[in-house]
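The values are calculated or read from the model by the stated rules, or taken from the named source; none is laboratory data. It should be emphasised that the depicted structure is a prediction, and the values quoted were computed from it without experimental measurement. Glycine also receives a Cβ, built like all others from the backbone with ideal geometry; neighbour counts cover every protein chain displayed. These accessible areas exclude ligands, DNA and RNA; they are computed on the full protein's heavy atoms, side chains included. Shrake-Rupley method; radii C 1.70, N 1.55, O 1.52, S 1.80 Å.
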Amino acid sequence: MNDISYVDVGDGPVALFVHGVGTSSYLWRNVIAELRDERRCVAIDLPLHGGSAPRDDLSIPAMAEAVEELCAELELDQVDLVANDTGGAVAQVFAVRHPERLRSLTLTNCDVHTNTPPETFQPTVDLAARGELAPLTAALLDQPELLARTALGDGYERIDDPADLVDHYLRPIFDKPDGGRAFERLLTSIDAKDMIAIEPLLTVLAVPTLVVWGTGDLFFDVSWARWLRDTIPGVKEIVEIEGGRLFFPDERAGELVPHLRRFWG
């Protein structure tokens, strides 16, 4: 398990945070800063991301097992799971496989059912499939403004410090030996069949579930939030973050945290 890195700060009931493809535990820093005085906040770096090593299997189900390994290692018996982007797909798989670990589940804008990967992201996946994404990204690492704009810009309303995001999200991936190729392998392994397969299990998932969705997301339309509500019996409400983009948990953490507190309360 020493190939998985994570943030672990604060005391209290455990909140476990899962990021998506191409980011890291750093995505949750602003949420954690607000919650660490009342919660033990654990944020995983999924395999290949942040300080975590790559693995042979980088599929969504394999990522879910990495989350389970971390829970077992840290003896996290009951967690409030919060997830974003591909991490939301990972969280859905984790939830149906290990519902006994969950006190609650919160899903923010993420891959759902057949929208995995989302159509808007398909050109990036196609680049990866052709082996062209890794060299292109590596060539832009030292031009963080351009790289942040092209790789992350659609996920944010605005990026104030592009170098900071590149250094915490993309550079750790591409600095690993063959990290670029592993990243391409990861992107091409994201498959809707893994999400379609768990639909019957989602329809009986009784874990209390909150859906918080940015309405300005170019990848994950709010209709997918409604799909989650209509499919998972544990979903009691959808909270809409007006104009929020994919990574609103980072740039608009102050709007997410009150809903987490209320839901957990």
- Please tell me the relative contact order of the stretch 1-140 in percent, rounded to the nearest whole number, where contacts are Cα pairs under 8 Å and at least six residues apart. 23 percent
- Item | Compactness of the stretch 1-141 - radius of gyration and Dmax, Cα, Å | 15.3, 47
- Note on the structure: Whole-Å distance linking the alpha carbon centroid of the stretch 154-194 with that of the stretch 1-67 is 15 Å
- After finding the eigenvalues of the alpha carbon gyration tensor for the stretch 85-232, what semi-axes result from the square roots of 5 times each, listed largest first in whole Å? 30, 17, 14
- Item | Extension gain, ALA163 back to ALA192 (0.36 nm per residue minus Cα-Cα distance, nm) | 7.2 nm
- For GLU237, net neighbour charge (Lys/Arg +1, Asp/Glu -1) across residues whose Cβ lies under 11 Å away: +2
- Item | Net charge dipole size for the chain [Lys, Arg +1 and Asp, Glu -1 on Cβ; Debye, nearest 20] | 420 debye
- Any idea of the accessible area per residue across the stretch 1-110, 1.4 Å probe, to the nearest Å²? 31 Å²
- Query: Using only the Cα atoms, what convex hull volume per residue in Å³ does the stretch 130-179 have?
  - Reply: 72 Å³
- Across 5 Å bins from 0, what is the distribution of all Cα-Cα pair distances for the stretch 189-265, in whole percents? 3, 14, 21, 21, 21, 14, 4, 0
- Sorting ARG101, ARG29 by accessible area (1.4 Å probe), largest first, what list results? ARG29, ARG101
- Tabulate in residue order the Karplus-calculated ³J(HN,Hα) for the stretch 2-16, using 6.51 cos²θ - 1.76 cosθ + 1.60 with θ = phi - 60°, rounded to whole Hz; enter x for Gly and Pro. 6, 8, 10, 9, 6, 9, 8, 9, x, 10, x, x, 7, 10, 10
- Task: Please report, to two decimal places, log10 I(q)/I(0) for the chain at q = 0.07, 0.09, 0.15, 0.17 Å⁻¹ as given by the Debye formula with identical point scatterers on the Cα atoms and no solvent.
- Result: -0.21, -0.35, -1.07, -1.44
- How much of the DSSP beta bridge set in the chain is antiparallel, as a percent to the nearest 5? 15 percent
- Task: Measure off, as a whole percent, the carbon and sulfur share of the 1.4 Å-probe accessible area of the stretch 52-100, all protein chains present.
- Result: 44 percent
- Item | Additional length obtainable on full extension of the chain from GLU132 to THR231, 0.36 nm per residue less Cα span | 31.9 nm
- What net charge is computed for the residues neighbouring SER59, neighbours being all others with C-beta under 12 Å from the C-beta of SER59, Lys and Arg scored +1, Asp and Glu -1? -2
- Obtain the nm distance between the two label points defined at SER223 and GLU119 by a simple spin-label model: each point lies 7 Å from its Cα along the Cα-to-C-beta direction. 0.8 nm
- Query: Which value in nm describes the separation of the simple spin-label points at GLU199 and ARG262, placed 7 Å from the Cα toward the beta carbon?
  - Reply: 3.2 nm
- Please give the per residue volume of the convex hull enclosing the alpha carbon atoms of the stretch 173-222, rounded to a whole number of Å³. 156 Å³
- Task: State to the nearest 20 debye the size of the charge dipole of the stretch 119-165 about its Cα centre, where the only charges are +1 on K and R beta carbons and -1 on D and E beta carbons.
- Result: 180 debye
- Task: Using only Cα atoms, tell me the angle between helix 86-97 and the longest principal axis of the chain; keep it within 0 to 90° and round to the nearest 10.
- Result: 40 degrees
- Mean separation of Cα pairs under 8 Å and 6+ residues apart, divided by the residue count of the stretch 1-77: what relative contact order is that in percent? 37 percent
- Task: Give the carbon-plus-sulfur fraction of the accessible surface of the stretch 153-204 in %, rounded to a whole number; probe 1.4 Å, heavy atoms of protein chains only.
- Result: 51 percent
